[in-house]
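Novice: Got a structure for you, questions after.
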Amino acid sequence: MSTVQPAVAAPVQRPWILDLTPQERSTLFATFGGWALDGMDVMVYSFVIPTLIAAWHISKGQAGLLGTAALLISAVGGWLAGLLADRFGRARILQLTILWFAFFTFLSGFTTSFWQLLMTRGLQGLGFGGEWAVGSVLMGETIRPQYRGKAVGTVQGGWAIGWGITAICYTVLFSMLPAATAWRAMFWIGILPSLLVFYIRRHVPEPEVFQLTRAREALVGESSHFLEIFSPALLNTTFLTALLAMGVQGGYYAITTWLPTFLKTSRGLSVLNTGGYLFVVIAGSFVGYMISAWLADRLGRKRTLIVFAVCSFLTVTAYTYLPISNGLMLVLGFPLGFFASGSFSPVGAFFTELFPSRLRGSGQGFSYNFGRAIGALFPTLVGYLSARISLGHAISAFAVAAYLVMIFAVLLLPETRGKELQVYE
């Protein structure tokens, strides 16, 4: 007589975040918060462009220049912060960059002319660029290989949270206050990121691999020089990662800088409707960051980047170029945000694994921010091109070109999933 054995339930797999050590988790929380507040400060400008154009009687080209200024100078800030992080520590320089960009965002709310805002936006960019460069290295060196892609990509999702907070503030402030006051208040809330420094000082130590690398250099009397990233051994990596960064950021900035203006002027949406459409894009962005982060460890860095670049190419074309209804545009907002933002998730871990420990801040800081400097030209070029063709077509032209460059660079780089970071690289 046979007996039926009771089915044994499969063990429930714990969420990966619960397997992180206390140091890994505190670093994750701190950098996630940094990205959220960074995104909040940076995306403020995209919401106030229409108001500034009307109030200061500036052209779309000048408005694009204000957006580009912060991005261009952020490239310098990212490189400098990377150099300083290799010398003085990741956590220490991260605190400095956060204080810097929060202060100059706040100061932007007191400007009274195009040139004043150009200056404060540029100075804000120094801290903005440095925060990504240092935070990404800090995360990449702290998190173990099996979780690195998910963790670094998850932190990117903080940007969508910050963008969402900005959209809420835009909807509330511009509905309750006169436009002349509301745009200033949007910048004033940018002081909030400075509070994060207290948490970092208390809970986020320097990564072990950084401390060991610095100890070894002191022991043997060696020191690295940032120009080594242009040596024959690393030049190809430096060039291709910069090209990748240019593609992913150029496409993203061409879309997001002008999206509120596109919805309000080209599609004729009200403040409330513009906020609603943007919330769909932002929701897609957050989900895209999370899914892409998971795929980066599952499929690998290269496959994930290529899939998201191709889908971004197709989605932005449909969203801005095709004659679609507002209802369909609302639906397409989700995949637009999903793929454009998800393209960023594998980048931090990928760059961390491509550069050696002694030069990781310098290499990662230069490549990402050189790419940002070139990609930063896209909002300005979109603004000037929109004087000859429609704004939607101008956005599509530059975004598509950017994603093609991104795909080319990714194809020529090696896969790095699961790589252990070594002190003696």
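The values are calculated or read from the model by the stated rules, or taken from the named source; none is laboratory data. Please read these numbers as outputs of a predicted model, since none were measured by experiment. In this analysis, Cβ positions are derived from the backbone assuming ideal geometry, glycine residues included, and neighbour counts consider all displayed protein chains.
Novice: Between a first residue in region 287-302 that is under 11 Å from residue 350 (Cα atoms) and aliphatic (A, V, I, L, M) and a second residue that is modelled with pLDDT of 90 or more and in a helix (DSSP H, G or I), which pairs have beta carbons less than 8 Å apart while being 6 or more apart in sequence or on different chains?
Specialist: Pairs found: 296/304; 296/346; 296/350.
Novice: Let me ask something else. Under the condition of being farther than 16 Å from residue 58 by Cβ and surrounded by 22 or more Cβ atoms within 10 Å (Cβ to Cβ), which residue from region 113-125 is nearest to the chain's Cα centre (by Cα)?
Specialist: Across region 113-125, the extreme among qualifying residues is 125.
Novice: May I pose another question? Please go through region 320-330 and pick out each residue that is assigned to a helix (DSSP H, G or I) and in contact (Cβ under 8 Å) with a residue 24 or more places away in the chain.
Specialist: Result: 320, 326, 329, 330.
Novice: Same structure, new question: Out of 411, 404, report the one residue that is part of a helix (DSSP H, G or I) and under 25 Å from residue 286 (Cα atoms).
Specialist: The match here is 404.
Novice: If residue 370 passes every condition in (1) under 23 Å from residue 150 (Cα atoms); (2) within 18 Å of the chain's Cα centre (by Cα) but one, which one does it miss?
Specialist: (1)
Novice: Note down all Cβ pairs under 6 Å where the first residue falls in region 332-350 and is under 25 Å from residue 134 (Cα atoms), the second is at pLDDT 90 or above and charged (D, E, K, R), and they're at least six residues apart or on different chains.
Specialist: Close Cβ pairs (under 6 Å, with a partner that is at pLDDT 90 or above and charged (D, E, K, R)) amount to 346/301; 350/301.
Novice: Step by step: first the residues of region 47-83, then only those that are buried (at least 24 other Cβ atoms within 10 Å of the Cβ) and hydroxyl-bearing (Ser, Thr, Tyr), then the one that is farthest from the chain's Cα centre (by Cα). Which residue is that?
Specialist: Of everything passing the filter in region 47-83, 68 is farthest from the chain's Cα centre (by Cα).
Novice: Here is a further query. Quick one: is residue 141 of a type in the set (Asp, Glu) and out of contact with any Ser or Thr (no Cβ under 6 Å at 6 or more places or on another chain)? Break it down into steps so the answer makes sense when it comes.
Specialist: Values: of a type in the set (Asp, Glu): yes; out of contact with any Ser or Thr (no Cβ under 6 Å at 6 or more places or on another chain): yes.
Taking the combined requirement at face value, the residue satisfies it.
Novice: Give 166, 181, 154 a once-over and let me know the one that is in a helix (DSSP H, G or I), modelled with pLDDT of 85 or more and within 20 Å of the chain's Cα centre (by Cα). Reasoning before the result, please.
Specialist: On the way: 181 fails: within 20 Å of the chain's Cα centre (by Cα); 154 fails: modelled with pLDDT of 85 or more.
The unique qualifying residue is 166.
Novice: Look through 128, 88, 104, 110 and report the one residue that is surrounded by 24 or more Cβ atoms within 10 Å (Cβ to Cβ) and not acidic (Asp, Glu).
Specialist: 128
Novice: Look through region 386-415, keep the residues that are within 18 Å of residue 237 (Cα to Cα) and in contact with a helix residue (DSSP H, G or I) (Cβ under 6 Å, 6 or more places away or on another chain), and return whichever of them is surrounded by the fewest Cβ atoms within 10 Å (Cβ to Cβ). Lay out the reasoning, then the answer.
Specialist: Kept after step one, since they are within 18 Å of residue 237 (Cα to Cα), are these residues of region 386-415: 405-415.
Imposing the further condition that a residue be in contact with a helix residue (DSSP H, G or I) (Cβ under 6 Å, 6 or more places away or on another chain) reduces the set to 405-407, 409-410, 412-413, 415.
Details: 405: 20, 406: 30, 407: 16, 409: 21, 410: 25, 412: 12, 413: 19, 415: 14.
Restricting to residues being within 18 Å of residue 237 (Cα to Cα) and in contact with a helix residue (DSSP H, G or I) (Cβ under 6 Å, 6 or more places away or on another chain), the top hit is 412.
Novice: Here's something else I'd like to know. Enumerate the pairs (first residue in region 181-205 and closer than 10 Å to residue 105 by Cβ; second residue anywhere and of a type in the set (S, T, N, Q) and buried (at least 17 other Cβ atoms within 10 Å of the Cβ)) with beta-carbon separation below 7 Å, excluding pairs fewer than 6 apart on the same chain, so at least 6 apart or on different chains.
Specialist: Hits for this filter: 187/105; 187/108; 190/105.
Novice: Between a first residue in region 108-133 that is of a type outside the set (S, T, N, Q) and a second residue that is outside any helix (DSSP H, G or I), which pairs have beta carbons less than 6 Å apart while being 6 or more apart in sequence or on different chains?
Specialist: Going by the 6 Å Cβ cut-off, the qualifying pairs are 114/58; 117/111.
Novice: Find the residue count for region 349-379, including only residues that are in contact with a Lys or Arg (Cβ under 9 Å, 6 or more places away or on another chain), buried (at least 24 other Cβ atoms within 10 Å of the Cβ) and under 26 Å from residue 310 (Cα atoms).
Specialist: 4
Novice: So residue 225 clears everything in (1) at pLDDT 85 or above; (2) more than 30 Å from residue 292 (Cα to Cα) except one condition, right? Which one?
Specialist: Checking residue 225 against (1) at pLDDT 85 or above; (2) more than 30 Å from residue 292 (Cα to Cα), the one that fails is (1).
Novice: Looking at 274, 265, 257, which is the one that is at pLDDT below 85, more than 30 Å from residue 88 (Cβ to Cβ) and surrounded by fewer than 22 Cβ atoms within 10 Å (Cβ to Cβ)?
Specialist: Matching residue, one of 274, 265, 257: 265.
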